There are 2 protein chains.
Amino acid sequence: MKAEASNLKDLRADTIESLKPRDRILKTASALFNEYGVNNIGIDRLIAESSVSKRTFYNHFPSKNEVIAAYLESKDWLRFSELDKHVSRVKGGAKAEILAIFDFLEQWFSEDDFNGCAFARGLNDFNQGDVKELRGKVDLYFEHWGDFIKTRLKALVEPDEVKILFPQLLSLITGSVIVAQGLGDVKVAALNKRIAESILTGC
Amino acid sequence: MKAEASNLKDLRADTIESLKPRDRILKTASALFNEYGVNNIGIDRLIAESSVSKRTFYNHFPSKNEVIAAYLESKDWLRFSELDKHVSRVKGGAKAEILAIFDFLEQWFSEDDFNGCAFARGLNDFNQGDVKELRGKVDLYFEHWGDFIKTRLKALVEPDEVKILFPQLLSLITGSVIVAQGLGDVKVAALNKRIAESILTGC
DNA sequence: GGGAAAGTACACAAATCTGTCTACTTTTGT
DNA sequence: ACAAAAGTAGACAGATTTGTGTACTTTCCC
């Protein structure tokens, strides 16, 4: 259940020029896919902006789906790396750690390239025949939220209560993302943190 | 602020054969766009399944974006028509009407062709240059939620409180959609109704 | 009943997209 | 130092997509 961090890196601090072709592609893909969506970015554009030849691209990623899969994997890994880092600074046990999610969200929404959640997007984009593998990455992301939240809930409440609180908390999280994106309202995370506090009172 | 119901109809009960070309296209588009997403359905497929000639299609809709716009408009209109109908049967004033949203959601999620929200999807799909008009339809949908909810909140609480409760309620609504779609959990609407009740206690 | 409006059928233009191929150059490891 | 591995540059095949053009037929309504 541990993340296979082998091939996963945080490329955000590196300049494009300093990176090897594969990572240059991934960094560029991350920016382009995030801004325009995987369906609106063609291989040609990705290659051009990665300053890589087409041959090299296809040597590293046998198909477009492969680079999308790598993108999703790295986004997933990075999101939970950051969340873990954020939460590790929090004192106050499981409850405080769950509430810290909402501070983390507000920070995320405030990034200037925030453009919604790649996985909520994937929920819609990966419904067809040849992208089932990509839909699997989306499912994994939601499972990771399950791991993160349920582990902590189990320390606080009875199993029956976990089954109620988990979907509620996940709704508050995903709802925050949609509202932040749709209304441009970054502060929604803080408002929803209050709700999370109230459904966890007594824990 | 009233919906221009002129050209908007509920086509769900009609058979494809009984409809005139334009409505046949809209009914087919609704089914295909809902299942696969607007980016994964080509004009050719839409035309073939509508049993309409290409010329006829382009006579009614000058471009693909136009048919998508019509689809979004009808979805928006239909959603709030249904919600209004649902809510009109509820006794108990503004608070009960807000809570009734969540019963409505559960009903929606239970439809066998439920596949997430076209507008949450549009939030991601319509970010590019030539689809700004479509993004406008998404914004309108969120505005309609604002109209529906804020009108009722104003009858219950002070304006300052409306600014807090509206994003929270909208998060619960949109979060329900994502969780219902992502986890296949229809019951999430009922769980989130409880939260809505609790943030409206005393109203 | 007859003419205008609407629809059919389908070829085709133009753009775009994924992925392959060829021929050449640079980098790397030992 | 030198061979193998990796990368460059760009043409091109084949599929797909949106939208137009042409020639013919059906429907509607006055």
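Every number here is computed from the coordinates shown, using simple stated rules; none is lab data. Being a predicted model, the structure only gives us computed values, none of them experimental. In this analysis, Cβ positions are derived from the backbone assuming ideal geometry, glycine residues included, and neighbour counts consider all displayed protein chains.
Evaluate peptide A:133-142: per residue, the Cβ atoms of other protein chains within 10 Å of its Cβ; return the mean as an integer.
1
For helix B:159-183, report the angle its Cα long axis makes with the longest principal axis of the Cα atoms of chain B; keep it between 0 and 90° and round to the nearest 10°.
50
Using a label point 7 angstrom from Cα along Cα-to-C-beta, what distances in nm, from shortest up, separate A:E143 from the other copies?
List, nearest first: 4.3 nm.
Taking the Cβ of each residue in B:D160, A:D84 as the centre, tally the other Cβ atoms inside 10 Å and list the residues starting with the fewest.
Fewest-to-most Cβ neighbours within 10 Å comes out as B:D160, A:D84.
Report relative contact order for chain B in percent, whole number only (criteria: Cα-Cα under 8 Å, sequence separation at least 6).
Rounded, it is 20 percent for chain B.
Using a cut-off of 17 Å between alpha-carbon atoms, which aspartates and glutamates can reach A:K154, once sequence neighbours fewer than 8 places away in the same chain are excluded?
Once the sequence-local aspartates and glutamates are set aside, what remains near A:K154 is A:E97, A:E143, A:E197.
When you look at the Cβ of every residue in A:184-197, what mean number of other chain Cβ atoms sits within 10 Å?
For peptide A:184-197, the averaged partner shielding equals 3.
How large is the charge dipole for chain A, taken about the Cα centre, if only the Cβ atoms of Lys, Arg (+1) and Asp, Glu (-1) carry charge, to the nearest 20 debye?
That gives chain A a dipole magnitude of about 240 debye.
Compute the long axis of helix A:93-110 from its Cα atoms, compare it with the longest principal axis of the Cα atoms of chain A, and write down the angle in degrees, 0 to 90, nearest 10.
The helix A:93-110 is inclined about 40 degrees to chain A.
Around A:D14, what is the net charge, scoring Lys/Arg as +1 and Asp/Glu as -1 over all other residues with Cβ under 11 Å from its Cβ?
Once all neighbours under 11 Å are counted, the net charge is +2.
Among B:V157, A:F80, B:I43, whose Cα projects farthest towards the positive end of the dipole of the protein assembly as shown, with charges put on the beta-carbon of Lys, Arg (+1) and Asp, Glu (-1)?
Result: B:I43.
When ranked by the protection proxy of mean other Cβ atoms within 10 Å per residue, highest first, what sequence do the peptides B:114-122, A:63-71 form?
B:114-122, A:63-71
Relative to the first principal axis of the alpha-carbon coordinates of chain B, what is the inclination of helix B:132-154, with its axis defined by its Cα atoms, in degrees from 0 to 90 and to the nearest 10?
Helix B:132-154 sits at roughly 30 degrees to that axis.
Shape of the protein assembly as shown from its Cα gyration tensor (a ≥ b ≥ c, root eigenvalues): rounded if a/c is under 1.5, otherwise prolate when a/b > b/c, or oblate?
Cα axes put the protein assembly as shown in the oblate bin.
Once Rh is set to the Kirkwood radius over Cα pairs, what Stokes-Einstein translational diffusion coefficient, in µm²/s, holds for chain A at a temperature of 10 °C and a viscosity of 1.306 mPa s?
Stokes-Einstein gives a translational diffusion coefficient of 87 µm²/s.
May I ask which residue of chain A has the beta-carbon nearest to the axis carrying chain A onto chain B, and at what distance in whole Å?
Its Cβ sits closest to the axis: A:G175, 1.
Under a GNM of chain A (C-alpha, springs under 10 Å), which listed residue has the highest mean-square fluctuation: A:E111, A:E97, A:E133?
The residue that fluctuates most here is A:E111.
Just want to confirm a number: the relative contact order over the range A:1-118, from Cα pairs under 8 angstrom separated by 6+ residues, in percent.
So the answer I get is 25 percent.
Within 10 Å of each Cβ in peptide A:37-45, how many partner chain Cβ atoms are there on average? Round it to a whole number, please.
Mean partner-chain Cβ count within 10 Å for A:37-45: 2.
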